[in-house]
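Below you'll find the structure, written out as structure tokens, and then a few comments.
Here, each number is a calculation from the coordinates, and none is a lab measurement. Because the structure is a prediction, the values reported are computed rather than measured. Cβ: placed from backbone, ideal geometry, glycine included. Neighbour counts: every protein chain shown.
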Amino acid sequence: MSTITWQDFEKVSLNIGTIVKAEDYPEARHPAYIVHVDLGAEIGVKKSSAQITKHYDIDDLIGKQVICVTNFPPKQIGKLMSEILITGFPDENGDVVLSTVDIPVPNGAKLF
């Protein structure tokens, strides 16, 4: 594993947000949802495609806080222009488990 500097780390904007809406994304190549995340007043509500259908139902996602990369350029994913990257870790089968916090924090707070 290569090392990075503190300045490298500071270039990545990792912010917390609350999922306010999730919907099926039938046009996706792999099962996915379109997820809308409220990242606070400064960043706003952003959307992303997320391949999280193995562990999460749409109704269970609303209100969940997730850690997002907010300074990637928008990326076209099928018909959707993804504005953020919702982070997660693969389980033993490679299915995504979302990166979350165990105590609620203000939307938009930056990871440090």
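Brief remarks follow.
- GNM flexibility winner over the chain from Ser49, Ser99, Ser82 (Cα, springs under 10 Å): Ser99
- Spatially proximal aspartates and glutamates relative to Lys46 (Cα-Cα < 18 Å; intrachain offsets below 8 disregarded): Glu23, Asp24, Asp38, Glu83
- Relative contact order for segment 34-91, counting Cα pairs under 8 Å that sit 6 or more residues apart, in percent: 31
- Contact order, relative form, for segment 66-112: 32 percent (alpha carbon pairs under 8 Å, 6 or more residues apart, mean separation divided by residue count).
- The chain shape via C-alpha gyration tensor axes, a/c threshold 1.5: rounded
- The residues packed around Ala22, meaning those with a beta-carbon under 11 Å from its beta-carbon, carry a net charge of -2 if Lys and Arg are +1 and Asp and Glu are -1.
- In the chain, the calculated helix contribution to ellipticity at 222 nm averages -2000 deg cm²/dmol per residue, counting -39,500 (n - 2.57) for every DSSP H run with n ≥ 4.
- Over all other residues within a Cβ to Cβ distance under 10 Å of Asn107, the charged ones net out to -2, with Lys and Arg as +1 and Asp and Glu as -1.
- Cα gyration tensor category, rounded, prolate or oblate, for segment 69-112 with a/c compared to 1.5: oblate
- Annotation: amide H of Ile77 within the under-5 Å range of Ser82, sequence separation 5 or more or interchain, hydrogens built in the peptide plane.
- Computed on the chain, with alpha-carbon pairs under 8 angstrom and 6+ residues apart, the relative contact order is 30 percent.
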